[in-house]
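Here's the structure we're looking at; comments come further down.
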Amino acid sequence: MKQETVHADKVQLAYAGILSKATTLGMILVALGYIVYVFQLMPLSVQIDQVAGNWGLRASEFHHKVSGAPYGWSCFNQAGNGDVLSYISIIYLGIVTMMCLVAAGIAFLREKNMIYTLISFVQVAVLILAAAGVLSGGH
Amino acid sequence: MGLKNIKVGLLPGVLATLLFLMPQLAFAASATPVDTTAWWVWVLGLFVFTFLLGIVAVIAGVGGGVLYVPIVSSFFPFHIDFVRGTGLLVALAGALSAGPPLLRKGLANLKLAMSMSLIGSMSSIAGALVGLALPEKAIQMALGLTILGITVIMFLSKNSAYPQIEKPDALSKALQIHGIYYDEHLKQDVDWQIHRTPVGLLLFILIGFMAGMFGLGAGWANVPVFNLVLGAPLRVSVATSVFVLSINDTAAAWVYLHKGAVLPLIAVPSVAGMMLGTKIGAKLLTKVHTNVVRRVVIILLAVAGLRALLKGFGI
């Protein structure tokens with residue numbers, strides 16, 4: 001019977017290290033943001049009843065009817081509001097994978113593995129373009 | 001023995017009860033716009049529901065996203081746009097928190113995941129854009145058909161724990177996709193390699209598109225493609241699928257964020273409920289009959305798929 005051997009390479013360990021810390025932070029931010037939001041510890045851009053009264057509408061109709069609800073990067077204009085803080089914590093979850101891929105790309109570069117350095121940074125570029133709204137129909 | 005039987009019967013019982021009760025909830029949902037139920041009742045109900053879903057999902061060996069979207073869109077009053085946006089976040093949060101140990105143990109393979117997700121993430125963005133542009137009925141119809149298709153795949157698919165690959169293909173060699181991991185069942189190292197990489201890439205374009213379009217986590221498709229098409233061992237397939245999912249869902253989630261299809265009021269309790277449920281489910285995994293739960297999930301998916309299809313037809 002063989003003793004367990006760990007076969008993860010340096011790149012995987014670098015990715016896992018960033019992922020673990022970034023995800024833990026993300027979960028804390030998401031929980032805190034939501035508490036601030038639903039207990040209305042800070043002012044809200046849109047009252048919760050108004051959100052609940054219209055959550056059966058299409059997203060486009062919802063934002064047409066409920067002006068001021070946070071979405072996209074425009075939410076940072078109202079960062080002092082509780083609902084916006086909760087929204088920003090969700091945006092953070094969309095950034096975690098990018099941070100991990102940058103770490104992986106740097107680790108691949110150090111190993112002089114040019115194929116995966118290229119794949120890592122092209123993947124990061126795709127995600128950045130999506131986040132910026134270029135590929136994802138942002139405004 | 002008695003306790004075991006109770007546990008075995010508990011989950012299907014809970015699910016059957018939920019199924020039985022749900023038409024009333026659904027009726028309440030379709031009866032809106034004047035919904036007199038307090039918002040916190042729906043939010044609390046969503047948290048409890050996703051918690052149960054998380055338990056069932058992990059025991060049945062499926063991702064939470066694939067159960068979340070069809071069931072929540074059928075039985076809660078939220079528009080399917082918001083449900084799909086949240087479904088991606090549920091799958092993404094689950095993948096992010098499951099990831100580190102899988103990488104550290106060497107079960108997940110980054111090179112395999114990154115090769116497939118580069119093209120998959122682009123198609124998931126396209127899928128999300130198409131999904132948000134299509135009329136609601138068309139989405140419900142397509143979702144219903146897709147979920148019924150997934151039900152058939154789950155019912156028929158027979159995974160292979162250790163596929164034997166005689167010769168890796170040229171592309172997988174160029175992309176350095178191979179590996180070794182310690183198998184706790186065999187108590188020994190397992191070497192693996194893959195073949196049919198170009199076919200896998202084409203399939204991941206399709207999977208990414210569907211994941212983005214419907215807000216489904218795509219473990220149901222990633223794992224069979226890795227395992228049965230490419231020939232990766234089952235454990236490697238399951239673990240690597242998590243990373244493909246985290247990259248593809250991140251890309252598609254940005255589309256939903258930019259289109260305003262994410263409401264924190266719905267998203268956060270869903271993510272929290274699913275993650276807590278998944279942790280409990282993982283602890284129950286060795287104590288319940290996974291086959292029984294899997295059968296119940298297949299039935300649940302079939303019902304949800306059929307219901308989405310009927311909604312698409314306006315029935």
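The values are calculated or read from the model by the stated rules, or taken from the named source; none is laboratory data. What you see is a predicted model; the values in this text were computed from it and never measured. Backbone-built Cβ (ideal geometry, glycine too); neighbour counts: all protein chains shown. Calculation scope for accessible area: heavy atoms of the full protein, side chains included, ligands and nucleic acids excluded. Shrake-Rupley method; radii C 1.70, N 1.55, O 1.52, S 1.80 Å.
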Across the range B:280-311, what is the total count of residues that are more than 27 Å from residue B:80 (Cα to Cα) and not in a loop (DSSP other than H, G, I, E, B)?
-> 7
Please identify the pairs in which a residue from the range B:278-300 that is closer than 20 Å to residue B:147 by Cα has its Cβ atom under 7 Å from the Cβ atom of a residue that is surrounded by fewer than 17 Cβ atoms within 10 Å (Cβ to Cβ) and at pLDDT 75 or above, counting only partners at least 6 apart or on another chain.
-> B:298/B:155
Filter the range B:100-114 for residues that are modelled with pLDDT of 90 or more and open to solvent by 10 Å² or more (accessible area, probe 1.4 Å); which is nearest to residue A:17 (Cα to Cα)?
-> B:109
Under 6 Å by Cβ, and 6 or more places apart or on different chains, what pairs join a residue from the range B:87-108 that is closer than 23 Å to residue B:192 by Cα and at the interface with chain A (Cβ under 7 Å from one of its Cβ atoms) with one that is open to solvent by less than 40 Å² (accessible area, probe 1.4 Å) and polar (S, T, N, Q)?
-> B:100/A:20; B:103/A:12
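Against the condition modelled with pLDDT under 90, aliphatic (A, V, I, L, M), open to solvent by less than 10 Å² (accessible area, probe 1.4 Å) and under 21 Å from residue B:109 (Cα atoms), how does residue B:251 come out, does it pass? Please lay out each step first, then the result.
Numbers: modelled with pLDDT under 90: no; aliphatic (A, V, I, L, M): yes; open to solvent by less than 10 Å² (accessible area, probe 1.4 Å): yes; under 21 Å from residue B:109 (Cα atoms): yes.
Spelling it out, it is not the case that residue B:251 is modelled with pLDDT under 90, aliphatic (A, V, I, L, M), open to solvent by less than 10 Å² (accessible area, probe 1.4 Å) and under 21 Å from residue B:109 (Cα atoms).
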Examine the range A:27-44 for a residue that is out of contact with any strand residue (DSSP E or B) (no Cβ under 7 Å at 6 or more places or on another chain) and either charged (D, E, K, R) or closer than 30 Å to residue A:111 by Cβ (or both), and state whether such a residue exists.
-> no
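If you scan the range B:187-198, which residues turn out to be away from chain A (no Cβ under 12 Å) and open to solvent by less than 50 Å² (accessible area, probe 1.4 Å)?
The initial filter retains those residues of the range B:187-198 that are away from chain A (no Cβ under 12 Å), namely B:193-198.
Result: B:194, B:195, B:197.
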When (1) over 29 Å from residue A:47 (Cα atoms); (2) open to solvent by 10 Å² or more (accessible area, probe 1.4 Å) are applied to residue B:276, the one that fails is (1)
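Report yes if some residue within the range B:157-175 is within 22 Å of the chain's Cα centre (by Cα), open to solvent by less than 60 Å² (accessible area, probe 1.4 Å) and modelled with pLDDT of 90 or more; otherwise report no. Outline the logic, then answer.
First, pick out the residues of the range B:157-175 that are within 22 Å of the chain's Cα centre (by Cα): B:157-161.
Those still in the list that are open to solvent by less than 60 Å² (accessible area, probe 1.4 Å) too: B:157, B:160-161.
Restricting the remaining residues to those that are modelled with pLDDT of 90 or more gives none.
No, the range B:157-175 has no match at all.
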Checking residue B:41 against (1) open to solvent by 10 Å² or more (accessible area, probe 1.4 Å); (2) touching a residue at least 60 places away in the same chain (Cβ under 8 Å), which test does it fail?
-> (2)
Taking the range B:74-86 as the region of interest, how many residues are crowded, with 24+ Cβ neighbours inside 10 Å and more than 11 Å from chain A (Cβ to nearest Cβ)?
-> 1
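Can you name every residue in the range B:176-186 that is over 30 Å from residue A:117 (Cβ atoms) and open to solvent by less than 20 Å² (accessible area, probe 1.4 Å)? Explain how you work it out, then say what you get.
Going through the range B:176-186, the residues over 30 Å from residue A:117 (Cβ atoms) turn out to be B:183-186.
B:183, the sole residue that qualifies.
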Qualifying position, being in contact (Cβ under 8 Å) with a residue 40 or more places away in the chain and either among the aromatic types (Phe, Trp, Tyr) or under 17 Å from residue B:114 (Cα atoms) (or both), among A:114, A:99, A:42 | A:99
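Looking at the structure I just gave you, is residue B:184 of a type outside the set (Gly, Ala, Ser) and within 14 Å of chain A (Cβ to nearest Cβ)?
Details: of a type outside the set (Gly, Ala, Ser): yes; within 14 Å of chain A (Cβ to nearest Cβ): yes.
For residue B:184, the condition - of a type outside the set (Gly, Ala, Ser) and within 14 Å of chain A (Cβ to nearest Cβ) - is met.
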Test: residue in the range B:53-66 that is under 15 Å from residue B:267 (Cα atoms), modelled with pLDDT of 90 or more and crowded, with 24+ Cβ neighbours inside 10 Å = no
Answer yes or no: is there a residue in the range B:132-148 that is open to solvent by less than 20 Å² (accessible area, probe 1.4 Å), under 30 Å from residue A:60 (Cβ atoms) and either over 21 Å from the mean Cα position of the chain (by Cα) or within 12 Å of chain A (Cβ to nearest Cβ) (or both).
-> yes
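Condition first: open to solvent by 60 Å² or more (accessible area, probe 1.4 Å), within 26 Å of residue B:254 (Cβ to Cβ) and not basic (Lys, Arg). Can you find one or more residues in the range B:206-220 that meet it?
Of the range B:206-220, the ones open to solvent by 60 Å² or more (accessible area, probe 1.4 Å) are B:206, B:209.
After this cut, where a residue has to be within 26 Å of residue B:254 (Cβ to Cβ) as well, the list is B:206, B:209.
When the remaining residues are screened for being not basic (Lys, Arg), the result is B:206, B:209.
Checked against the condition, which is being open to solvent by 60 Å² or more (accessible area, probe 1.4 Å), within 26 Å of residue B:254 (Cβ to Cβ) and not basic (Lys, Arg), the range B:206-220 yields at least one hit.
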